[in-house]
Every structure is written in structure tokens, then in C-alpha cells.
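The values are calculated or read from the model by the stated rules, or taken from the named source; none is laboratory data. Values in this document were obtained by computation on a predicted structure and should not be read as measured data. Ideal geometry is used to build each Cβ from the backbone, glycine not excepted, and the neighbour counts take in all protein chains shown. Keep in mind that these areas ignore ligands, DNA and RNA; they rest on the heavy atoms of the full protein, side chains included. Shrake-Rupley method; radii C 1.70, N 1.55, O 1.52, S 1.80 Å.
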Amino acid sequence: MLVLNDVHKTYQMGETQVLALRGVSLELPPAQLSVIMGHSGSGKSTLMHLAGCLDVPTSGSVEYGGLDLTTLSSRERADFRSSEVGFVFQKYNLVGNLTALENVALPLLLRNATTKQAHARAREALDLVGLQDRTTHRPAKLSGGEQQRVAIARALVNDPTMILADEPTGNLDTVTGDRILELLSQFRADDKIVLVVTHNPEIAETADLVVYLRDGRVESQQFQEVAR
Amino acid sequence: MKLNLFRLALKNIRSRRTRSWLTILGVLVGVTAVVALLSIGTGVQEAVLQQFEDIGYDIILISPMHAGGTAPGAMGGFMPGSTADGRFGGQMPTQPDFNSSSPGTFSPENLGGSSSEDETGDGQFDQMREALARTASSSLDTELLLTQVPQLIEAGTLGTQIQPVDTGTTSGFLRVSTPSLDFLEAFPSVLGGFEIASGSFFTNTTENQVIVGVRSAELLRMSVGDSISINNIPFTVIGILEASDQSSDEDEGSDSVLSGQGLAQNLGSGNSADLLLRGLTNTDDSLFVLHERASNVLAGRTMSAVTITRVESGASISETKDAINVAIGQQDATGTPISIQEVADEIQGTLSLIETVLASIAAVALIVGGVGLMNTMYTSVLERTREIGILKSVGARDGQVMTLFLIDSGLMGLIGGVLGLILGSILSLLGTRLLGPSLGVGSFSPIIDAWLVGGVLVFSFVLGALSGVWPAWRASRLNPVDALAAE
Ligand SMILES: Nc1ncnc2c1ncn2[C@@H]1O[C@H](COP(=O)(O)OP(=O)(O)OP(=O)(O)O)[C@@H](O)[C@H]1O
Ligand SMILES: [Mg+2]
């Protein structure tokens, strides 16, 4: 369970302060697909970064399994991301001079895996997203949907307990986007926390929880009973 | 894990080929300069030291400079222009006078030849000494000197001249060395042992006898018994010297001796230290006429004549020098004693100075290379900001990001170092070929030892890594969210 408690995030922009989040409280249980919706600038990405321990809140706490993430050191946060979090971004964020396989293996290589182990695991992950025959391609040689699937494979490869996807379909056509969202929603079956930012109302219908953000606050939360 | 980072860094270097090579080139230039200059520098120093060792530190030279003249310290005459053009013998003596030479030319000196008979000595030298016409009034009487300065055990005179030489078929200018008999007796090693290959040693001082270096003999196609005119005076070749072992790899020999280059080369030997150094390596190109004879028939052309003395072992060099000065005054001659140690120190000092200056220039080149590397790494951090964000989002620690960039810059430094080491070694080998002859230190080789190799490799890696520290630190401290937002 990931718990956000009265989380505030303020960005300093020269003289002015931008209040990106102003008191967000949420509980995100495992084995559920949670969807965050809201207008541009409502604070969705900011929320994702805090949930994934990529950034720290200005005030409030983010707890995971009883551990207050805001108290962690920079190194501990890196280790937390490495073991617990898989990120998927709108812009794919693959490393351009590495092949698909190497990109997926990267999180493992940053820990103690040997190249052999890492590549074997990466191959499995690419299998899972249906890209077993694209392992030696560099990102530039892959379509947007394929790149996003590589990114998903990379998010999965460490077997994290939460998958965070920030508008993963933003750069994709609807059909491809639907496939990606379908793929992501499968991961709740693995007891993972799956948190997706999307503007797609159809996927929202299949989610266990839909959170609407507005001006840095939770406007509404909607729990749904969904058939699996 | 470090190995994985290493591979990642290597991949990055390879995927940014142009950038990497340009950066490596910057380091390479600096390292090349350092390696070439240091190896040549130490090579020259060793060669020079070796030559002085060969001569021996118990030697005092008496150069024909006026004692109270331009340089009371009297080193002035020894290394004219040496720093200005990097040669030991940069000062060009005046050209030999072509017209005044005729068989009957006698200089004023040898007309007033005094004859102080001397019964000491032994063997062939003894007999010949008796027949000796005493030489010029202003030059030093070496036998008298030996009695005046008891610390001296041996003394002899070696002069050098540039003379027009004609065999009837070939003609040109050659160096004529004029060792005195006692010089040949006491210091044959200065002339490479002065071993006769064919013919004989000088038999008297009354005939015009010449002993020819092996290369000159080849060049002039002369054999024992042939006639040759030196400065239009007929001489007979009485002997041909053994080839010296050192001259074989000096390729400016045969064909250039008669050319202008050869002449300039020969003219360059206008000072006694240089003469001495050349004497060690260049006997092959020389003709040899006894000083006692030359001062009669070839006089007036002696560009420099140096008296060499050997000090009794255990005697103080500086006290001996003082005694020599007194003796010179008593003989009413001119000359300044200089110990080999002083010559060596002077040349060493100059070499060290040159080396320091060159090393400083090389160091600047190296620093420029380092700054270039720093610039590349700094740009690289800016370019790769997003990649840093990606790495951090998938779990890279600050330290790992830092290490990655340090390996990147360190590797480029190391590659530059390796290539610079290779290129510098090649350059120094080429450089010694080209510089060796003109430096007048004979043959020498650059010294590239394990210390230089190890030092350069470690240094270039550290230089690379150090240049990368600041950029890498900046990279590691980037906020992952901000980094991901970068374009
Ligand atoms: N690094 C930053 N510095 C300053 N202001 C920021 C920064 N990041 C976000 N903001 C501001 O915080 C607010 C929330 O931004 P955020 O990116 O979370 O919105 P979003 O809901 O993800 O919008 P979008 O749908 O356009 O992605 C915005 O007003 C944005 O301008
Ligand atoms: Mg956003």
C-alpha cells in the first residue's frame, strides 16, 4: 500500500511560487489499477514523481509499507526506485545509443547483475511485451508503440512492486495506445500497484480507482468494481 | 557493477566517435609532446654525460682563449650560441682564406721557433721529439707545463683546421685534425684509439705525412703511399685509420663532406669542447697531420687548438687549474684552463634549461588537452542531461552517475595517453635521427623507460578523470525530475 498524506509540492520559479500540489491524500493498494485524470497543469506528473520517489514533497509524507519515503537519503531513494518502482513515461525515455535489449537490461546492470543474467532477464521482459524479435534494434529504429513497449519491459525487468505510467499513450495512436494500456492493466494481476495517468475515459472505466486532480487537489475519487 | 559502468562508458565513447576522437586528440598532442621531449632530453643528457665520462673527469682542457678576455670565467668560448640555436658549435668561424695558400707560406710564429731540447720520453716519441722544431711563441709548451705543474701527468695539443684538399681527381674542404705527438701518446682514446688499419703511424715530423680517416680515404679514393695536396701543400698518405665504432649510423658522411653541408658541419666545430666531442665520434671523416708539422706548414689556419692535460689522481682539480694559470703566465702564453667537470656542468646546465623550457611547453600542451577534455565532459553532461535523468529513474545512484562520467573522461585520457606514448616514441626516434648529428653529441637514442611509460599512462588517466570530476559531479547532483525534463 502506497499512502500519500497531505502532500504539498511547491516549485520556486524565480520570484513566484507554483503550488503544484496542495494537500493531496491518497491510498493506493496493490493489485489495483489506479488512474489519475485531470487538466494539464493539475499536478498529475508531480504526483507521479512523488509516488515513485523521484522527487520529495515540500510537506506531507509518502509512505510505502510503513516506510516514510520522505526521510530517505538520495542513495536510499535510488535503491528504492531500483527495487520497487518501474516508470513508464510519455516520451519513452530510452537511451539512444543502447539497443532495446540493453535498455531493458540497464536497471539490472546498475545493480549487481552480470551482463549475461541481465540480458537473459531483459529478453524475458521483451518477450512479455511481444518484442522478442526487436532486441538488437536501437530506439530510433523502433516505432512509437514499440519504443513504449521497450520502456514497459524496462519498467518490469526488476520485478518492481509498483508500475507508474505518466501518459504512456500520449504520443501514440488510439489503437496502439489501447494495447499499451491493456498491457499495463494486466500487471495488477501480479499484485503490483499500477498507477496510470491518462486522458482516455475508456481505460478509466476498467480501473479500480479513478482520481481526478484539479489545481493540485484531489477533486474526486471514484472506486469501481470491475470484472477481471 | 563497476565493470558494467565501464562497458556503458565505453559504449558512450564509441557512439560519439567524432567528439571522442577530437577530445582524445587534444590529450594526445600534449602527451606526444611530453613523451618526445622527455625521452629525447634524457637521451641527450645521458649521451653527453657518457661522452664526458669517456673523456674522464681528471682532464683539464686549456683553451686558447685569452685569460683576461671577454669572459673571465672563460666558459664563454666553449659554448657560443648554444642556447640560441640549440647547437653546441653555433658560432661560425671565419671562412678559410683560399688565396693566401701556397706551399711556401709560413706564419710569423714558426719563424721564431725556440728549441728547448728534452731528453725525457721514450720510444718513437723520443726520437721524433729531438727532431722537433719548436712551435709558436704564444702557444703553450706542454712539456714545460708538465714540469711547471707537478700535478699534471700528461699533456698534449689537438688543433683543428678546415683545409682545401685536392687529390687530383677530387677536391673540397675537409677537416684536418692536428694532434701533437704527446697528445697521441697520452689521449688516443679521444681520437677513438687512433688505431692504424693500414700503413703506419707518423714516422717523423720533418716530412709532410698525413693519416686519413677511413671514410675520408674512401671518399678521396686514397690508399697508403698516395699523394694529396692540403692547402696546396703536397702530403703523403702514410696510414689509414680503423673505422671508429660510433660513426656508422651517422649518415651525413661520405657524400656531404665535400658539399656545403659538410663544410658547415665542419666549420661548426670551432670551439674546443665541441672539438673534443666531435673528435670522439668523427675520426672517420678527418685527416690527421701532426701538430708539430702542421704548425710549420699549415699554420695560420688553426681555428682552435686545445691543450689537454690529465691530472694526477687525488690531486685537486681547482688547485691544479690555478697552477696552470700561473704556468701559462710564466710561459707568456695565452690560454684558460677548464676542467671537464666545468664543461660538463655548463653543458648539463644548458641542456637542463632547454629541457625545462621544452617540458614547460609540453606541460602547457597537456593542460590545454585537459581543458579540452573538461570542456567536452561539461558539454557531454549538458547533452546527456536527459540520459542522466533516465539512469536515475531506473535506479542509478549519484555515485554511479559520477563514476560513469569519470570512467568516460578517464578512458579518453588514457586512450590519448596510449596513442600519445606511441606517437611520442616514434617522434623521438625520428627526432634523434635528425637532431643527433646537429647536436654534435654523436649517436644517441631516446630513453623511454618503464617509469616514463607508466607515468604517462597513469598521468593521462588521472588527467582525464580529474578533468571530468567537476562535470561528473554536476551530473551526479542533477535532480532526476529536472534532468528528465531537459530536451
Ligand atoms: N520543475 C518545475 N518547475 C516549476 N514549475 C513546475 C515544475 N514542474 C511542474 N511545474 C508546474 O507545476 C504545475 C503542475 O505540473 P505537472 O507537470 O504536475 O502537471 P500535469 O498535470 O502533469 O500537466 P500535463 O497534463 O500538461 O502533463 C504546473 O503548473 C507546472 O507548470
Ligand atoms: Mg504531466
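Numbers at a glance
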read-out: For the stretch A:82-123, convex hull volume per residue from C-alpha positions, Å³; value: 74 Å³
read-out: Fully extended contour minus Cα-Cα distance, from B:T206 to B:F6, at 0.36 nm per residue; value: 63.8 nm
read-out: At least 40 Å² of accessible area lost relative to the chain alone, listed for the stretch A:60-92 with a 1.4 Å probe; value: A:R75, A:R81, A:K91
read-out: Too-long pairs where the Cα-Cα distance tops 23 Å, listed order kept, from A:K9/A:K44; B:K11/B:K392; A:K116/B:K11; A:K9/A:K192; A:K91/B:K392; A:K141/A:K192; value: A:K9/A:K192; A:K141/A:K192
read-out: Peptide B:4-16, shielding by other chains (average Cβ, 10 Å cutoff); value: 3
read-out: Area of B:I62 that stays accessible when all protein chains are in place (1.4 Å probe, Å², to 10); value: 10 Å²
read-out: Threshold 20 Å², the stretch B:380-394 residues less accessible with all protein chains present than alone (1.4 Å probe); value: B:R386, B:E387, B:I390, B:L391, B:K392, B:S393, B:V394
read-out: Cβ neighbours within 10 Å from other chains - mean over B:476-483; value: 3
read-out: Fully extended contour minus Cα-Cα distance, from B:L434 to B:E487, at 0.36 nm per residue; value: 13.7 nm
read-out: Modelled FRET efficiency - R0 56 Å, A:Q12 with A:A120, Cβ distances, 0.05 increments; value: 0.80
read-out: Interchain or long-range residues, amide H under 5 Å from B:E154's placed H; value: B:R310
read-out: Electrostatic dipole magnitude of the stretch A:80-228 [Cβ: Lys, Arg +1; Asp, Glu -1; Cα centre; debye, to 20]; value: 720 debye
read-out: Relative contact order computed over chain A (Cα-Cα under 8 Å; 6+ residues apart), in percent; value: 29 percent
read-out: Pairwise label distance in nanometres, A:D133 with A:H39, each label 7 Å out on the Cα-Cβ vector; value: 4.7 nm
read-out: Rough spin-label spacing in nm, given labels placed 7 Å along Cα→Cβ, for B:A450 and A:D215; value: 7.7 nm
read-out: Relative pair counts by distance (%), Cα atoms of the stretch B:343-480, 10 Å bins; value: 11, 31, 25, 16, 10, 5, 1
read-out: Dmax and Rg, reported as Rg then Dmax, of chain A (C-alpha, Å); value: 17.3, 52
read-out: Average other protein chain Cβ within 10 Å of Cβ, residues A:97-103; value: 3
read-out: In nm, spacing of pseudo-spin labels at A:D190 and B:E312 (7 Å Cα→C-beta vector); value: 9.9 nm
read-out: Nearest 10 degrees, 0 to 90: helix A:100-109 Cα axis against chain A principal axis; value: 60 degrees
read-out: Where Rh is the Kirkwood radius over Cα pairs, Rg/Rh for the stretch B:373-416; value: 1.00
read-out: Cut-off under 5 Å, modelled amide H: who pairs with A:Q90 long-range; value: A:D166
read-out: In the B-A interface, the accessible area buried, summed over both sides, Å² (probe 1.4 Å); value: 2300 Å²
read-out: Folded to 0 to 90 degrees: helix A:144-156 orientation relative to chain A principal axis, Cα; value: 80 degrees
read-out: Distant alpha-carbon pairs in the stretch B:147-236 (separation over 15 angstrom), percent; value: 64 percent
